[in-house]
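Some notes on the structure that comes next.
The values are calculated or read from the model by the stated rules, or taken from the named source; none is laboratory data. What you see is a predicted model, and the numbers here were worked out from it, not measured in a lab. No Cβ is skipped: glycine too gets one built from the backbone with ideal geometry, and neighbour counts run over all protein chains shown. These accessible areas exclude ligands, DNA and RNA; they are computed on the full protein's heavy atoms, side chains included. Shrake-Rupley method; radii C 1.70, N 1.55, O 1.52, S 1.80 Å.
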Amino acid sequence: MSEKRNQKVCVIGLGYVGLPLAVRCVEKGYETYGLEMDQKKVNLINNGRSPIEEKFLEDNLPKFKPTATTDEKIIKKCDIILICVPTPVDSMYVPDLTPVIGASKAVMRNLKKGALVVLESTVNPGVSEEVIRPIFEEAGFVVGKDVFIAHCPERINPGDAKWNVTNIPRVVGSFDKTGLDIAVKFYESIVDGNIRPMKSIREAEAVKIVENSFRDINIAFVNELAKSFDKLGIDVKDVILGASTKPFAFMAHFPACGVGGHCIPVDPYYLIERAKKSGFDHKFLKVAREINNSMPSYTVELMRDALNKLQMPMKGTKIGVLGISYKANVDDTRESPTFKILTLLDEHGVKYDTFDPHVIAKSSIKTLNVILKKVDALIVATDHKEFKEIDPELFKQHGIKVIVDGKNCLDKDAIKKLGIIYKGIGR
Ligand code: SAJ
């Protein structure tokens, strides 16, 4: 642990972003508090146990434990407040800033004069100016004097063994030079990576939205290719790997049964909605979202067509869905394509079971062998290590007739050799 610093830090929201950040602040010598509304999480953290499956936390939380609490009055003691609460969208894909507004008001009610308030949650350009700043000004605080406001978009990549809160470069924007300097200095004290000051807070907000929209449109590109190449008998994964041999100006993305998580499928809507208010229509971002949102139904159609080849109607066929979390080897199920696949199977009157070794609580069957024994067909919806390691013989032994590989993560040729119908996404 670094030498003790005299500034106190409060992280609001101890999830996959806030908790590693709080742990890192402790490690770097800050007296660090975590304000968290979930008492169960508070108890776990105060006992040095991580509420989320994350190697960085399992290794470091016991050593660098922040003090977690549900009492917002803790903010009164703190000089640096880091807001790391969710920024979801509702069922109509309209951004929901309730958590951000709630956290900002808690800070306003308990502000220590001169404190720095940093929003790390992903928001569209304009939120700091149009939503957060007025909360403080309407309470009589002068921004740039009584309170300094900055934005430093989080860049946590759950499950990433290499990049984490200690070394991911960051960008920071603020309303004023003093706020920017304080924020840059703080992040330079906790991150072994470049901290880039942005021209303004709007540019800082735009950076994260651009990063994640970039990813969403590139995934949509390969998802569309997958649908097209399915009809052309081209293996899109082989094509993408071939294109990846070009050492410049190409960045591989891969088709799948859908785009899940709290970031990629959500962030573009923040820009789409805000730009609309300024009279700009992000047609391209919207088309990309439509393509990615269509992948769960494409996956179910692949299953339906494969079963029909065997004169097996979907209704009445027992289907197993392997994988509930939204990406490999994590326990996070937010916006997971699996949920959309299950809804579609329900609509087809299909009896299905689910199994995910990282999300046992939500799995209808708790072991791989039991689900393989029980079902006639499989949809692989998450590319967990455990699924990639399955010996294809096991599918044969259990009489599996069709496999739709929603993550193109299984050995297609080995499965086909066993006489099982294999359908990937674009392969
Ligand atoms: N996905 C594809 N094809 C791809 C890549 C991802 O279908 O080529 C799907 C995944 O299966 C998943 C979803 O998209 O369902 C999101 O995957 P992700 O790898 O982007 O994972 P996230 O949601 O954890 O994204 C985070 C983001 N980090 C932050 O927002 C701070 C994102 O910016 C990173 O680019 C991403 O990790 C990463 O690079 O892994």
Fill in the blank from the handout: In region 389-426, anything open to solvent by 10 Å² or more (accessible area, probe 1.4 Å), among the hydrophobic types (A, V, I, L, M, F, W, C) and either touching a Cys at 6+ places or on another chain (Cβ under 8 Å) or in a helix (DSSP H, G or I) (or both) is listed as LEU394, ALA414
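Test ALA361 against the criterion of being at pLDDT 95 or above, among the aliphatic types (A, V, I, L, M) and away from the ligand (no atom under 16 Å from the Cβ), and give yes or no.
Details: at pLDDT 95 or above: yes; among the aliphatic types (A, V, I, L, M): yes; away from the ligand (no atom under 16 Å from the Cβ): yes.
Judged against the criteria, ALA361 is a match.
Condition check ((1) of a type outside the set (Asp, Glu); (2) closer than 20 Å to ALA226 by Cβ; (3) within 16 Å of the ligand (Cβ to nearest atom)) across all residues:
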position	(1), (2), (3)
ILE365	yes, no, no
LYS373	yes, no, no
ASP383	no, yes, yes
GLU389	no, no, no
PRO392	yes, no, no
VAL404	yes, yes, yes
LYS407	yes, yes, yes
LEU410	yes, yes, yes
ALA414	yes, no, no
Completion exercise
All-but-one check, ARG274 against (1) part of a helix (DSSP H, G or I); (2) out of contact with any Pro (no Cβ under 7 Å at 6 or more places or on another chain), failing number (2)
Exercise for the section: Could you grab me the full set of residues in region 128-170 that are aliphatic (A, V, I, L, M) and within 16 Å of the ligand (Cβ to nearest atom)? Expected result: ILE156, ALA161, VAL165, ILE168
Practice task
Consider only pairs whose beta carbons are under 8 Å apart and that are at least six residues apart or on different chains; among these, list those whose first residue lies in region 323-351 and is of a type in the set (Ser, Thr, Tyr) and whose second residue is more than 15 Å from the ligand (Cβ to nearest atom) and modelled with pLDDT of 95 or more.
Solution key: THR333/LYS362; THR338/THR354
Completion exercise
Of the candidates ILE52, ILE45, the one satisfying the condition of being over 19 Å from the mean Cα position of the chain (by Cα) and either surrounded by 14 or more Cβ atoms within 10 Å (Cβ to Cβ) or in a loop (DSSP other than H, G, I, E, B) (or both) is ILE45
Handout entry: Lone unmet requirement of (1) touching a residue at least 40 places away in the same chain (Cβ under 8 Å); (2) under 22 Å from VAL85 (Cβ atoms) for ALA161
Key = (2)
Completion exercise
When restricted to VAL131, VAL147, the only residue free of Cβ contacts under 8 Å to residues at least 60 places away in the same chain, more than 28 Å from LYS55 (Cα to Cα) and open to solvent by 10 Å² or more (accessible area, probe 1.4 Å) is VAL131
